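Inspection log for the structure reproduced underneath, given as C-alpha cells.
The values are calculated or read from the model by the stated rules, or taken from the named source; none is laboratory data. Since we're looking at a predicted model, the values are computed, not measured. Note: ideal-geometry Cβ built from the backbone for every residue, glycine included; neighbour counts use all protein chains shown. Keep in mind that these areas ignore ligands, DNA and RNA; they rest on the heavy atoms of the full protein, side chains included. Shrake-Rupley method; radii C 1.70, N 1.55, O 1.52, S 1.80 Å.
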Amino acid sequence: MAAGTHRITSSESTAPHLLADGDHGTWTFAVDVPAPRRRRTTVRRGGFDNHDAAENALRGFLEGEAGGFNADPNQSVDDHLSTWLAAKALVLKATTMARYRDYVHNDLAPACGTLKLDELGHRHIAAFVTGELAAGRGTTTLYRCVATLSDPCDPTPSSTGSGSCPEKQAHPG
C-alpha cells in the first residue's frame with residue numbers, strides 16, 4: 001500500500017470481555033503515512049459500527065492518500081480550495097491565478113466553503129448554479145466557476161484533488 005502499514009481493530013480486541021455485549025464497542029483503523037523529513041505519522045479513525053465499515057473507510061483513506069488528497073474527515077471545502085490555490089500559485093500564470101482566486105473567494109467559498117469536503121454533493125452545486133442563474137449570472141461565467149471547482153477534485157494522478165467532487169454533473173447549460 002502506498003501509505004504504509006495499516007491495521008483494523010475493534011475495542012473487543014483490546015478488551016475481550018466486551019465480546020459478550022454485542023452492542024458495545026466500535027471499529028478503528030490506523031495507518032502509517034509518510035511525512036516530511038522521512039518520519040511516519042500514524043493516522044487513526046474510529047467509531048465504525050463494524051469491520052466492513054472500517055475497511056471501507058480505510059480503503060477510501062488509502063485511495064485519497066494515493067491521489068494526493070488530505071483524507072481528513074473534518075476538512076472543509078474552503079480549506080481544500082485554499083490548499084489547492086496555494087499549490088496552483090506555483091505553476092500557473094498570474095492572470096489564471098487571479099481568475100481562480102476570484103471564483104474561489106467570491107463564489108465557491110461563500111456558497112459551500114463551510115461544508116465538510118466529504119459532505120459536498122451534487123445538490124449543493126446544483127443549488128449554487130440554480131441560485132446564481134436566478135440572480136442573473138451568465139452561463140459562461142458559471143461554467144468557468146464550476147470548472148474551477150472540478151480541478152481540485154480531479155482524480156487523475158497529476159492532480160492534487162480528491163476525486164470526490166460531484167461538480168461535473170452540475171454544469172450550467
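One table, with the values for the structure above:
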{"item": "Residues of region 94-135: accessible area per residue with a 1.4 Å probe, Å²", "result": "57 Å²"}
{"item": "Region 50-150, accessible surface, carbon-and-sulfur percent (1.4 angstrom probe)", "result": "50 percent"}
{"item": "Peptides ranked, highest mean first, by Cβ atoms within 10 Å: ranges 47-56, 121-130", "result": "121-130, 47-56"}
{"item": "Solvent exposure ordering (accessible area, 1.4 Å, most first) of Tyr100, Tyr143", "result": "Tyr143, Tyr100"}
